[in-house]
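What follows is calculated from the coordinates using simple rules that are stated; it is not laboratory data. Small disclaimer: the values here were computed from a predicted structure and weren't measured. We place every Cβ from the backbone using ideal geometry, glycine too, and count neighbours over all the protein chains shown.
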Amino acid sequence: MSACPVRRLNSQSADFQQALKKLLAFSAEDDAAIEAATAKILVDVQRRGDAAVLEYTQKFDRLSSDQAKSIKALELSKNELLSALNSLPKDQRAALEAAAERVKSYHERQKQESGCHSWDYADADGTRLGQKVTPLDRVGIYVPGGKAAYPSSVLMNAMPAKVAGVGEIIMVVPTPDGVRNPLVLAAAAVAGVDRAFTIGGAQAVAALAYGTETIPAVDKIVGPGNAYVAAAKRRVFGTAGIDMIAGPSEILVLCDGKTNPDWVAMDLFSQAEHDELAQSILLCPDESFMNQVQASIDKFLPEMPRQAVIKKSLQDRGAMILVKDMQEACEIANSIAAEHLEISAENPRQWAELIRHAGAIFMGPYTSESLGDYCAGPNHVLPTMRTARFSSPLGVYDFIKRSSMIEVSDAGAQNLGKIASTLAHGEGLQAHARAAELRLKK
């Protein structure tokens, strides 16, 4: 008997749509207690600044008053970041720098190809129209630091900001019990972070949004965090920009049954180990292959250091769904709109053509999602909870803004003025109309 039986669904069952909806349902972001606690923290930090941030940091990260005697004591100097980099084992430093170079190269190409440059053109009458693109002045990057440390998140958040030309990058990262992860600090050095503070949670988001005596207010806050961080980002939006509201991690594997089942099982584990609320789903038209994947799950689970987290995630939120064929698998995948979508099949691009909604698409049996997390190059900060239907991965375009440029010539004013005058009178805005009419030649 399986030690970790993963629920099975069948797309041909009469109640499949209802069962799928129940499987995907996740409403932790609506938790009233989280919202109330977050609102209190935000108001407190806005009112009391550094003092409030210190109190919450001591409380939630279990720091002593000596460890958190001032915000300056929680700021990491550039020398500390460089020291962490220089102290890494050679293999870790080489891996970190190789990943950083790939992430940088990808986002430099993205900047070239995705309309991140200024442009203009001239009308026949000499009027010039265009767009001015400028990077943000200052951004805050939130790096998770609770159940695990994420140096890869430092790279994924900071590198596109650097490529975009952001003036200053402020990093915040919680350090429970005062434990500072050297890889995270080293990643900040490699990525060119300007200032770093060992604070986290809603209080860190509040400090970045509103500013304190020590921490400057930023223009935008990016990076994933726990439910309190997500709630705080939602509440400060408008005071500062945000990238997205991130939920638990997700992986959806579309497999034609021809991949090594051990590979598929471990790919499902790769997201399940993040969090008990993470979601791992397999879509496959071959029931015997699903049985093989279940056997691989049972074989590998006892070996995994985070087996308790993986088991709870798979049993509570995981599933294997038997589908009619790969085309139906793609249709269901579009309704799920997963954060990570693996197409582990022959001719994966054939099926990728049918995918409209996914944060990132990993094509072919050799493309494990974990490569995207660390070093493939594209960003691993991705839309979750079906938001891939309308949003995109974090990128250079998140760290720039566009201003419309309009320079109307004398001749252009004669033509445009008549059009504007007519429309403005139609809206009952006479001053608008008059402003255009005054420039018309008699």
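If you take all other residues with their beta carbon under 13 Å from the beta carbon of LYS220, and give Lys and Arg +1 and Asp and Glu -1, the sum is -2.
Separation of region 71-98 and region 333-374, taken as the distance between their Cα centroids, equals 33 angstrom. For the chain, a crude dipole built from +1 on the beta carbon of Lys and Arg and -1 on the beta carbon of Asp and Glu, taken about the Cα centre, is about 1080 debye to the nearest 20.
Which net charge results when you count Lys and Arg as +1 and Asp and Glu as -1 among the other residues whose beta-carbon is under 12 Å from that of GLY192? Here the charged neighbours net out to +2.
If the cut-off is 16 Å between C-alpha atoms, which aspartates and glutamates fall inside it for LYS220, apart from same-chain ones fewer than 8 positions away? Straight-line reach from LYS220, under 16 Å: ASP137, GLU168, ASP194, ASP243, ASP398.
The overall shape of the chain, judged from the alpha-carbon gyration tensor, is oblate: a/c is not under 1.5, and a/b is no greater than b/c. Among MET385, MET304, a tally of other beta-carbon atoms within 10 Å of each Cβ gives an order, fewest to most, of MET304, MET385. Among GLY225, GLY426, GLY377, the largest mean-square fluctuation in a Gaussian network model of the chain (Cα springs under 10 Å) belongs to GLY426.
Helical content alone sets the calculated 222 nm signal of the chain at -14000 deg cm²/dmol, taking -39,500 (n - 2.57) per DSSP H segment of four or more residues and averaging over every residue. Among the listed pairs LYS233/LYS401; LYS72/LYS111; LYS72/LYS162, those whose Cα-Cα separation exceeds 26 Å are LYS72/LYS111. In percent, rounded to a whole number, the relative contact order of the chain is 20, using alpha-carbon pairs under 8 Å and six or more apart.
Listed values for region 261-277 are Karplus-derived 3J(HN,Hα) couplings in whole Hz (6.51 cos²θ - 1.76 cosθ + 1.60, θ = phi - 60°), namely x, 4, 5, 5, 4, 5, 5, 5, 4, 4, 9, 4, 6, 5, 6, 4, 8, and x replaces Gly and Pro. Largest GNM mean-square fluctuation among GLN279, GLN18, GLN315, using the chain with Cα springs under 10 Å: GLN18.
Loop-resident GluC sites (Glu not before Pro) (DSSP state other than H, G, I, E or B) in region 280-382 with no more than 13 further Cβ atoms inside 10 Å of their Cβ: GLU346, GLU353. Fewest-first ordering of ILE343, ILE361, ILE406 by other beta carbons within 10 Å of each residue's beta carbon gives ILE406, ILE361, ILE343. When only Cα pairs below 8 angstrom with a gap of at least 6 residues are kept, region 17-107 shows a relative contact order of 12 percent. Close amide-amide hydrogen proximity is noted between LEU283 and VAL253, LEU254, CYS255, ILE321, each under 5 Å apart and 5 or more residues distant or on a separate chain (H modeled in the peptide plane; Pro and chain starts excluded). Taking other C-beta atoms within 10 Å as the exposure proxy, PHE362, PHE390 rank PHE390, PHE362 from fewest upward. Candidate cross-link partners of LYS22 among the lysines, defined by an alpha-carbon separation under 26 Å and a same-chain spacing of 8 or more, comprise LYS311, LYS312, LYS324.
Ignoring lysines fewer than eight residues from LYS442 along the same chain, the ones with Cα atoms less than 24 angstrom from its Cα are LYS418. The residue list PRO261, PRO285, VAL229 was ranked by how far each Cα lies along the charge dipole of the chain toward its positive end, using unit charges on Cβ atoms, and VAL229 comes out on top. Each other residue within a Cβ distance under 13 Å of SER296 adds +1 if Lys or Arg and -1 if Asp or Glu, for a net charge of -3.
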